[in-house]
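Student: Next up is a structure, given as structure tokens.
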Amino acid sequence: MRRILVVGSTGAGKSTLAHELGERLGVPYHELDALHFAGPGWAQDPDFAARVAEIAATPAWVLDSYGTPDVRPLLWERADTVVWLDYPRHVVMPRVLRRSLRRTVLRERIFNGNRETLREWFRGDHPARWAWSQYAPRRAALTALTTDPALAPLHTLRFTAPREARRWLRTIGAGRGERRKGPAG
């Protein structure tokens, strides 16, 4: 495991797990949304694809997304491992709602100075609405990618419950004497 994609629905805990995995393996972790949304007002980085290509060309990385359409093929071809957090909708929806509510109420800065606002809750691309509307299509897309014969050398770890992922994560780095607590799940 040196080039790892952590994938799943919005709210599954991809960033949390990817960050911890990167630390445990000593591999650089990159938050794809932070690379994509490069400035205030959710401005997109015009050099996003080139920046992702630079990361993908390195020998080791952990990314927390299955990728936007412009970089997805590159990431999936370069990855050696996919960690799929395939949690049920009743698990991810409360998580994304709590996270978005906290970010809105506390006005937390995310992705290069951006913030979730009350007004954004009414947009179709708000994380909570996105998680609900894209849940089934994302699962179907990930199923297709993880079973694609062209990507057969890709090792896929699929977890259907947070406790499974936490249990697995505790085994990473344990051989080096590192016993860290996994993500909250």
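The values are calculated or read from the model by the stated rules, or taken from the named source; none is laboratory data. Quantities reported herein were computed from a predicted structural model and do not represent experimental measurements. Neighbour counts are summed over all protein chains in view; Cβ atoms, including those assigned to glycine, are modelled from backbone coordinates with ideal geometry. Just so you know, the surface numbers come from the protein's heavy atoms only, side chains and all, with ligands and any DNA or RNA stripped out. Shrake-Rupley method; radii C 1.70, N 1.55, O 1.52, S 1.80 Å.
Student: Which of the residues spanning segment 15-44 are open to solvent by less than 30 Å² (accessible area, probe 1.4 Å), of a type in the set (D, E, K, R) and within 15 Å of W130 (Cβ to Cβ)?
Tutor: If the condition is that a residue be open to solvent by less than 30 Å² (accessible area, probe 1.4 Å), of a type in the set (D, E, K, R) and within 15 Å of W130 (Cβ to Cβ), then no residue fits.
Student: I need the full set of residues from segment 45-55 which are without any contact (Cβ under 8 Å) to a residue 12 or more places away in the chain and open to solvent by 40 Å² or more (accessible area, probe 1.4 Å), in order please.
Tutor: If the condition is that a residue be without any contact (Cβ under 8 Å) to a residue 12 or more places away in the chain and open to solvent by 40 Å² or more (accessible area, probe 1.4 Å), then P46, D47, A50, E54 are the ones that fit.
Student: Inside segment 56-67, can you point out the residues that are at pLDDT 95 or above and either closer than 18 Å to N114 by Cα or open to solvent by 20 Å² or more (accessible area, probe 1.4 Å) (or both)?
Tutor: A57, T58, P59
Student: Then there is this: If A12 satisfies all but one of (1) open to solvent by 20 Å² or more (accessible area, probe 1.4 Å); (2) small (G, A, S); (3) outside any helix (DSSP H, G or I), what's the number of the condition it fails?
Tutor: (1)
Student: Please determine, by comparing only the residues of segment 1-30 that are of a type in the set (S, T, Y) and under 10 Å from S65 (Cα atoms), which one is modelled with the lowest pLDDT.
Tutor: The selected residue is T10.
Student: Here's something else I'd like to know. Looking at V62 and the list (1) within 14 Å of the chain's Cα centre (by Cα); (2) assigned to a helix (DSSP H, G or I); (3) aliphatic (A, V, I, L, M), which single condition is not satisfied?
Tutor: The one condition V62 does not meet is (2).
Student: Right, next: Among residues belonging to segment 154-175 that are more than 13 Å from L17 (Cβ to Cβ) and β-branched (V, I, T), point out the one that is surrounded by the most Cβ atoms within 10 Å (Cβ to Cβ).
Tutor: Ranking the qualifying residues of segment 154-175, first place goes to T156.
Student: For segment 25-59, name all the residues that are of a type in the set (G, A, S) and over 16 Å from the mean Cα position of the chain (by Cα).
Tutor: G26, A38, G39, G41, A43, A49, A50, A53, A57
Student: Filter segment 102-141 down to the residues that are charged (D, E, K, R) and in a loop (DSSP other than H, G, I, E, B), then identify the one that is nearest to S65 (Cα to Cα).
Tutor: Checking each candidate, the answer is D125.
Conditions (1) of a type in the set (A, V, I, L, M); (2) assigned to a helix (DSSP H, G or I), marked per residue:
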| position | (1), (2) |
| --- | --- |
| L17 | yes, yes |
| E20 | no, yes |
| V27 | yes, no |
| D33 | no, yes |
| E54 | no, yes |
| D70 | no, no |
| S100 | no, yes |
